[in-house]
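**Student:** Before we start, here is the structure in question, set down as structure tokens.
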Amino acid sequence: MPLDLPLSLASLAVVLALASAASALATRQRPALMRWLVMPLLGISGALALTAGLGALAGGHIETMSLPMGLPWLHWQLRLDVLSGFFMALIGTVVIGVALYGPGYVREFEHGRDSLPALGGFTGIFVAGMMGVVLADDAFMFMVAWEVMSLSSYFLVAFQHEHAPNRRAAFLYLLMAHVGGLSILLGYGVLAGFGDGFAFDAMRAAQLSPGWATVAFLLAFFGFGMKAGLIPLHVWLPEAHPVAPSHISALMSGVMLKVAVYGFVRFTFDLLGAFQWQWGVLVLIVGAVSALLGVLYALMQHDLKRLLAYHSVENIGIIYIGLGLSLIFLGTGHPVLGVLGLIAALYHTINHALFKGLLFLGAGAILHSAHERDMERMGGLLRRMPWTGLFFLVGCISISALPPFNGFVSEWLTFQAALQAWTLKSGVLRTLLPLASAMLALTGALAAACFVKVYGVAFLGQARSRPVRRAREVTLGMRVGQGWLAALCLALGVLPTFVVGALNSIPQQLLGQGLAGSTEHGWLWLTPVSAETASYSAPFVLGGLMLAWWLASSLLRRGEVRKVRRCDAWDCGFAPPNARMQYTATAFAQPIRRVFGGLFHIDESVTTTEDGRERHALHVSDRFWGWIYQPIVRATNAAARRVTLIQSGNVRIYLGWSLGTLVVLLWLIS
Amino acid sequence: MVDFLNPTGWALALLQTLLFAAGAPLLVAWVKRIKSRLQNRRGPSLLQPYRDLHKLFGKEAVMAHTASPVFRAAPYIVFGATLIAASVIPMLAVELPTAAIADVIVLVGFLALARFFLALAGMDVGTSFGGMGSSREMLISALAEPAMLMAVFTLTMSAHSTNLSSVIEHVLNSGLLLRPSFLFALLGLLLVAVAETGRIPVDNPATHLELTMVHEAMILEYSGRHLALMEWAAQIKLMLYGVLLANIFLPWGIASTLSAGSLLTGLIAIVVKLALLGVILAVSETVVAKMRLFRVPAFLNLAFMLSLLGMLSHVILEVGA
């Protein structure tokens with residue numbers, strides 16, 4: 001049956017991920033198996049997922065399969081349509097990069113106290129869980145796979161559990177993942193109640209009143225938003241993502257957040273089906289706030305992995321801006337523009353998976369070879385790790401949304417969708433959309449500032465500490481893993497027409513509406529709405545840049561002055577600068593900290609120590625922790641204290657409580 | 001729809017880009033000369049920037065020991081990105097094929113790409129001046145970008161297009177209407193242009209060895225041909241904002257057919273418009289003092305608010321227009 005080939009490949013990918021997990025059990029005796037068996041199996045699983053996903057995208061069919069597992073009256077239903085196919089391809093792409101990178105990275109764990117079976121095992125289960133979520137065709141299997149994904153990633157976050165902050169981060173993650181999971185479960189409950197069944201087909205057919213549809217939507221928005229890290233539900237993300245091993249951070253930030261986006265898109269655009277523009281306004285506002293605050297908090301970090309984690313909040317915000325625009329346009333009866341918003345969001349989803357995966361792998365390479373996460377002690381890494389430096393630069397350019405790389409294309413599409421606001425009737429919406437895009441512009445510019453800081457402080461200048469000065473380039477596999485993602489960042493930036501053409505089948509299947517005009521002028525020209533409205537030709541842009549470079553370098557310089565002489569830095573004629581005189585990450589961000597001061601909790605103090613020296617301490621933190629989470633913690637503690645009143649330690653009183661409860665229950669059911 | 005396969009169009013676009021690059025130093029010299037006159041000085045000759053560039057291209061390039069390949073590549077990327085940005089702006093004629101390559105958002109993207117590498121180059125050698133310049137440049141640009149896009153969005157919302165050529169044609173076709181939204185957007189964009197091109201009161205292009213400098217601090221370590229490319233790129237950027245302001249808000253004179261006569265009219269029109277803008281810039285730089293760095297956010301907030309007012313007045317007053 002050639003039709004079912006992609007789904008069979010996808011199932012095989014899940015099985016291989018589980019096999020990779022099982023084979024990790026053998027690494028207790030033979031640590032080298034991690035490199036020769038566990039990671040290659042994971043890589044093959046990723047390659048199969050990528051193939052299956054691309055096959056589903058190209059074929060455009062819906063394939064289903066029923067597994068003899070699950071509830072007696074509801075076997076697990078698998079389904080591979082274009083939306084699942086897209087996300088399978090996304091998972092596969094990043095997993096391939098991670099599997100290439102992993103063998104080099106885990107070498108340092110081989111001789112340590114950390115348990116390799118736990119690392120390899122939970123990684124395989126984690127990947128299988130994410131694939132399961134994407135393939136599920138009923139709420140029961142979806143929730144099981146979702147919980148498998150959450151729990152296995154909890155163990156990966158807690159992998160280096162000898163450090164107390166890691167345990168704390170992992171617990172926070174577990175707690176919030178479950179609050180979110182509960183909300184998703186309730187959302188499916190509403191759909192199942194109306195649709196009379198847990199299968200997605202039954203939910204699609206359900207007729208919901210607008211009120212109940214809104215309830216279901218809000219539950220899903222909250223639940224998936226918690227996993228995706230929307231502000232103010234993001235507090236676990238910058239704690240949990242940095243403490244996992246770096247290739248796991250790449251999977252969590254690059255892929256797991258995308259699985260949450262998948263869940264939201266599946267729930268809202270596929271299962272709910274009827275759209276209300278008010279939902280879009282909510283999604284748009286939350287997305288814009290997440291994007292802006294995410295990048296501002298990222299700017300204040302000097303721990304590289306934590307900074308990248310905050311950037312995930314920002315990029316999820318950008319994805320949700322696209323989804324919000326889509327819902328607004330769909331809800332007001334502009335299906336073509338709604339499709340444009342959805343495609344922009346999905347394009348940004350794959351872009352973020354690529355560049356965030358790449359950047360986390362790069363951060364891991366630095367951690368691996370210099371044992372340093374704090375940017376204030378880095379510097380000059382480009383000369384010591386030229387390949388990592390090059391790939392990291394590609395990631396920085398992509399995430400800063402600069403042409404001709406991939407991040408720019410998706411933000412451009414988002415802008416194009418927002419600028420169609422003139423078609424809307426409501427004056428409020430017509431003002432809101434440009435305002436949201438102004439916030440997106442501010443976000444993009446601040447992201448560029450942040451990555452100038454990251455790259456300038458970490459890779460340029462001089463080394464600020466001894467381990468960094470001794471850093472060496474990482475192994476070939478680790479470089480190839482980064483190079484794979486970096487090459488895709490460029491490819492998706494330069495050839496957007498092919499990507500949009502492939503993405504086009506998703507809204508066609510979900511909404512029955514495509515974006516036919518976007519690629520009608522050939523592969524060189526991307527024209528999302530019409531050629532009169534806007535066009536972008538990324539191949540010409542790349543060609544033009546290279547032409548200008550060639551002109552400037554070959555025509556303008558004369559023969560005898562080609563050589564470059566090296567000497568000390570000029571620095572206005574002062575003494576040659578040393579490493580300590582460089583601008584630090586904190587100093588770089590100081591003007592922005594001052595301008596946006598009200599949004600941070602800034603704790604700055606100067607104290608005089610006993611030997612008369614002055615110490616300056618600066619601590620910038622997230623305000624949401626104090627605004628929302630501390631009150632909840634306090635309320636929980638207060639409630640717990642009330643409950644202790646009934647805890648007397650006397651067994652007779654406990655028996656009395658039990659008897660009382662029993663009597664009340666009997667009275668209730670009689 | 002622009003004709004993509006028109007050889008005359010491509011030749012003309014190439015010619016226009018060369019004209020852009022060749023004319024940019026002249027504009028800078030013109031502003032400098034008017035400023036000197038206003039200050040009762042004679043000022044340098046109009047050819048002085050060309051002589052400077054010629055001299056720098058002939059000189060040996062010196063780089064610090066700590067400079068990395070990024071430092072060496074940055075001048076070419078900055079120059080290339082700025083030149084590409086210049087090539088997509090309709091200067092002499094509308095409907096050139098290059099205008100379809102990139103719309104106004106991509107134009108902002110090109111300038112952001114140039115700025116990204118400029119700021120990286122500032123950080124590269126590891127001097128405190130360079131880091132300071134980069135840090136401040138990124139702050140200013142981060143605040144300027146939303147104001148600029150808001151102003152541009154006001155135009156594109158009424159033109160229903162982000163393509164520069166279409167926006168200009170829309171303004172041409174709708175005639176000389178006094179639209180409050182355009183006026184606000186023009187004012188907002190003027191302030192942004194001052195900030196983005198590093199002119200007084202935000203930055204001072206004539207300053208050195210001062211803690212106030214931004215652009216000059218980033219290119220402090222450059223010499224020879226690298227410095228020439230950086231300087232030239234800055235000059236093109238000034239001209240770019242000038243042409244953008246002149247042709248979007250006052251597009252009259254720009255050629256809409258590709259005949260020799262209309263192209264000549266277009267050339268004369270843009271020269272006159274740029275000369276006038278140069279006089280305005282020189283006068284404003286003479287009467288206004290440079291402001292402290294932390295006053296700049298207020299300045300750019302004003303620009304954003306003006307653009308926002310433009311957007312609101314478009315939504316409220318010009319519905320259906």
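The values are calculated or read from the model by the stated rules, or taken from the named source; none is laboratory data. Since the model is a prediction, treat every value here as computed from it, not as a measurement. All Cβ positions, even for glycine, are placed from backbone atoms using ideal geometry, and neighbour counts span all protein chains on display.
**Student:** Output the residue which, of all residues in the stretch A:368-386 that are in a helix (DSSP H, G or I) and within 24 Å of the chain's Cα centre (by Cα), is nearest to A:Glu473 (Cα to Cα). First the steps, then the outcome.
**Tutor:** Filtering the stretch A:368-386 for residues in a helix (DSSP H, G or I) gives A:368-370, A:375-377, A:381-384, A:386.
From what is left, the residues that are within 24 Å of the chain's Cα centre (by Cα) are A:368, A:375.
On the way: A:His368: 10, A:Met375: 18 Å.
So the residue we want is A:His368.
**Student:** Moving to a separate point now. Out of (1) free of Cβ contacts under 8 Å to residues at least 12 places away in the same chain; (2) under 15 Å from the mean Cα position of the chain (by Cα); (3) outside any helix (DSSP H, G or I), what's the single condition that is false for B:Gly109?
**Tutor:** It is condition (3) that B:Gly109 fails.
**Student:** For the stretch B:186-228, how many residues are assigned to a helix (DSSP H, G or I) and more than 17 Å from B:Val125 (Cβ to Cβ)?
**Tutor:** Adding up the residues that qualify gives 13.
**Student:** With touching a residue at least 60 places away in the same chain (Cβ under 8 Å), among the basic types (Lys, Arg) and out of contact with any Ser or Thr (no Cβ under 7 Å at 6 or more places or on another chain) as the only criterion, which of A:Arg430, A:Arg469 stands out?
**Tutor:** On the way: A:Arg430 fails: touching a residue at least 60 places away in the same chain (Cβ under 8 Å).
That would be A:Arg469, the only listed residue that is touching a residue at least 60 places away in the same chain (Cβ under 8 Å), among the basic types (Lys, Arg) and out of contact with any Ser or Thr (no Cβ under 7 Å at 6 or more places or on another chain).
**Student:** Something else about it: Checking the structure you have, find out if any residue of the stretch B:101-122 is of a type in the set (Gly, Ala, Ser), more than 7 Å from chain A (Cβ to nearest Cβ) and within 24 Å of B:Leu164 (Cβ to Cβ). Even if it seems obvious, please write down each step before you answer.
**Tutor:** Pass one, the stretch B:101-122, residues of a type in the set (Gly, Ala, Ser): B:102, B:109, B:112, B:114, B:119, B:121-122.
Subsequent filtering for residues that are more than 7 Å from chain A (Cβ to nearest Cβ) retains B:114, B:121-122.
Remaining after also requiring within 24 Å of B:Leu164 (Cβ to Cβ): B:114.
The answer is yes; a qualifying residue exists.
**Student:** Working carefully through the options A:Gly522, A:Gly598, find the one that is within 30 Å of B:Phe153 (Cα to Cα), within 10 Å of chain B (Cβ to nearest Cβ) and loosely packed, with under 15 Cβ neighbours inside 10 Å.
**Tutor:** On the way: A:Gly598 fails: within 10 Å of chain B (Cβ to nearest Cβ).
Only one candidate passes the filter, namely A:Gly522.
**Student:** Do we find a residue being within 22 Å of the chain's Cα centre (by Cα), hydroxyl-bearing (Ser, Thr, Tyr) and more than 7 Å from chain B (Cβ to nearest Cβ) anywhere in the stretch A:440-456?
**Tutor:** Here is the first cut: in the stretch A:440-456, the ones within 22 Å of the chain's Cα centre (by Cα) are A:440-455.
So of that shortlist, the ones also hydroxyl-bearing (Ser, Thr, Tyr) come out as A:443, A:455.
Remaining after also requiring more than 7 Å from chain B (Cβ to nearest Cβ): A:443.
There is at least one residue in the stretch A:440-456 that is within 22 Å of the chain's Cα centre (by Cα), hydroxyl-bearing (Ser, Thr, Tyr) and more than 7 Å from chain B (Cβ to nearest Cβ).
**Student:** Further question on the same structure: Is it the case, given these coordinates, that A:Ala169 is touching a residue at least 40 places away in the same chain (Cβ under 8 Å), buried (at least 17 other Cβ atoms within 10 Å of the Cβ) and under 26 Å from A:Glu110 (Cα atoms)? Spell out the reasoning first.
**Tutor:** Numbers: touching a residue at least 40 places away in the same chain (Cβ under 8 Å): yes; buried (at least 17 other Cβ atoms within 10 Å of the Cβ): yes; under 26 Å from A:Glu110 (Cα atoms): yes.
Taking the combined requirement at face value, the residue satisfies it.
**Student:** Sticking with this one: Tell me yes or no: at least one residue of the stretch B:259-281 is away from chain A (no Cβ under 14 Å) and either in contact with a His (Cβ under 9 Å, 6 or more places away or on another chain) or not in a helix (DSSP H, G or I) (or both).
**Tutor:** yes
**Student:** Shifting gears a bit: More than 30 Å from B:Ala22 (Cα to Cα), at the interface with chain B (Cβ under 8 Å from one of its Cβ atoms) and touching a residue at least 12 places away in the same chain (Cβ under 8 Å), is that true of A:Tyr583? Show your work before the answer.
**Tutor:** Values: more than 30 Å from B:Ala22 (Cα to Cα): yes; at the interface with chain B (Cβ under 8 Å from one of its Cβ atoms): yes; touching a residue at least 12 places away in the same chain (Cβ under 8 Å): yes.
Considered against the rule, which asks whether it is more than 30 Å from B:Ala22 (Cα to Cα), at the interface with chain B (Cβ under 8 Å from one of its Cβ atoms) and touching a residue at least 12 places away in the same chain (Cβ under 8 Å), A:Tyr583 comes out as yes.
**Student:** Something else about it: Answer yes or no: is there a residue in the stretch A:477-492 that is free of Cβ contacts under 8 Å to residues at least 12 places away in the same chain, more than 10 Å from every other protein chain (Cβ to nearest Cβ) and among the polar types (S, T, N, Q).
**Tutor:** no
**Student:** What pairs come up if the first residue lies in the stretch A:550-570 and is within 9 Å of chain B (Cβ to nearest Cβ), the second is in a helix (DSSP H, G or I) and modelled with pLDDT under 70, and their beta carbons are under 7 Å apart, counting only those six or more places apart or on different chains?
**Tutor:** Every condition considered, no pair remains.
**Student:** Which residue out of A:Ala449, A:Ala458 is at pLDDT 90 or above, surrounded by 24 or more Cβ atoms within 10 Å (Cβ to Cβ) and closer than 19 Å to A:Gly357 by Cα?
**Tutor:** None of the others qualify; the one that does is A:Ala458.
**Student:** Taking B:Leu19 and the conditions (1) part of a helix (DSSP H, G or I); (2) without any contact (Cβ under 8 Å) to a residue 40 or more places away in the chain, which numbered condition does it fall short on, given that it satisfies the others?
**Tutor:** (2)
**Student:** Name the residues in the stretch A:605-634 that are over 31 Å from the mean Cα position of the chain (by Cα) and either over 16 Å from A:Ala589 (Cα atoms) or at pLDDT below 85 (or both), would you?
**Tutor:** Restricting attention to the stretch A:605-634, the residues satisfying the condition of being over 31 Å from the mean Cα position of the chain (by Cα) are A:605-617.
A:Ser605, A:Val606, A:Thr607, A:Thr608, A:Thr609, A:Glu610, A:Asp611, A:Gly612, A:Arg613, A:Glu614, A:Arg615, A:His616, listed by residue number.
**Student:** Can you say whether B:Ala73 is in contact with a helix residue (DSSP H, G or I) (Cβ under 9 Å, 6 or more places away or on another chain) and closer than 30 Å to A:Pro539 by Cα, as far as the supplied structure shows?
**Tutor:** Numbers: in contact with a helix residue (DSSP H, G or I) (Cβ under 9 Å, 6 or more places away or on another chain): yes; closer than 30 Å to A:Pro539 by Cα: yes.
Criteria met by B:Ala73.
**Student:** Determine, yes or no, whether B:Lys55 is over 21 Å from B:Phe117 (Cα atoms) and either buried (at least 20 other Cβ atoms within 10 Å of the Cβ) or β-branched (Val, Ile, Thr) (or both).
**Tutor:** Numbers: over 21 Å from B:Phe117 (Cα atoms): yes; either buried (at least 20 other Cβ atoms within 10 Å of the Cβ) or β-branched (Val, Ile, Thr) (or both): no.
No, not satisfied.
**Student:** So which residues in the stretch B:30-82 are in contact with a Lys or Arg (Cβ under 6 Å, 6 or more places away or on another chain), outside any helix (DSSP H, G or I) and more than 7 Å from every other protein chain (Cβ to nearest Cβ), if there are any at all?
**Tutor:** Selection gives B:Gly43 alone.
**Student:** Could you grab me the full set of residues in the stretch A:418-439 that are within 9 Å of chain B (Cβ to nearest Cβ) and among the small types (Gly, Ala, Ser)?
**Tutor:** Across the stretch A:418-439, the qualifying residues are A:Ala418, A:Ala421, A:Gly427, A:Ser437, A:Ala438.
**Student:** Now for a separate question. Might you check whether a residue that is more than 7 Å from every other protein chain (Cβ to nearest Cβ) and charged (D, E, K, R) occurs anywhere in the stretch A:394-417?
**Tutor:** The answer is yes, given that some residue of the stretch A:394-417 is more than 7 Å from every other protein chain (Cβ to nearest Cβ) and charged (D, E, K, R).
**Student:** Only one of these conditions is not met by A:Tyr536: (1) within 30 Å of A:Gln462 (Cβ to Cβ); (2) facing chain B (nearest Cβ under 7 Å). Which number is it?
**Tutor:** (1)
**Student:** Can A:Arg472 be described as closer than 30 Å to A:Phe391 by Cβ, facing chain B (nearest Cβ under 9 Å), outside any helix (DSSP H, G or I) and not aliphatic (A, V, I, L, M)? If you could, list the steps in order and put the result at the bottom.
**Tutor:** Working: closer than 30 Å to A:Phe391 by Cβ: yes; facing chain B (nearest Cβ under 9 Å): no; outside any helix (DSSP H, G or I): yes; not aliphatic (A, V, I, L, M): yes.
It is false that A:Arg472 is closer than 30 Å to A:Phe391 by Cβ, facing chain B (nearest Cβ under 9 Å), outside any helix (DSSP H, G or I) and not aliphatic (A, V, I, L, M).
**Student:** Across the stretch A:125-155, what is the number of residues that are surrounded by 24 or more Cβ atoms within 10 Å (Cβ to Cβ) and more than 30 Å from A:Arg204 (Cα to Cα)?
**Tutor:** 1
**Student:** Identify, please: which residue in the stretch A:172-188 is under 20 Å from A:Thr268 (Cβ atoms) and surrounded by 22 or more Cβ atoms within 10 Å (Cβ to Cβ) and is, among those, nearest to the chain's Cα centre (by Cα)?
**Tutor:** Taking the candidates together, the pick is A:Gly180.
**Student:** Right, something else. Does B:Ala275 count as surrounded by fewer than 22 Cβ atoms within 10 Å (Cβ to Cβ) and without any contact (Cβ under 8 Å) to a residue 24 or more places away in the chain?
**Tutor:** No.
**Student:** Now for a separate question. Report yes if B:Val214 is more than 9 Å from chain A (Cβ to nearest Cβ), buried (at least 21 other Cβ atoms within 10 Å of the Cβ), farther than 30 Å from B:His314 by Cα and touching a residue at least 60 places away in the same chain (Cβ under 8 Å), otherwise no. Talk me through it step by step, then tell me what you get.
**Tutor:** Working: more than 9 Å from chain A (Cβ to nearest Cβ): yes; buried (at least 21 other Cβ atoms within 10 Å of the Cβ): yes; farther than 30 Å from B:His314 by Cα: yes; touching a residue at least 60 places away in the same chain (Cβ under 8 Å): yes.
It is true that B:Val214 is more than 9 Å from chain A (Cβ to nearest Cβ), buried (at least 21 other Cβ atoms within 10 Å of the Cβ), farther than 30 Å from B:His314 by Cα and touching a residue at least 60 places away in the same chain (Cβ under 8 Å).
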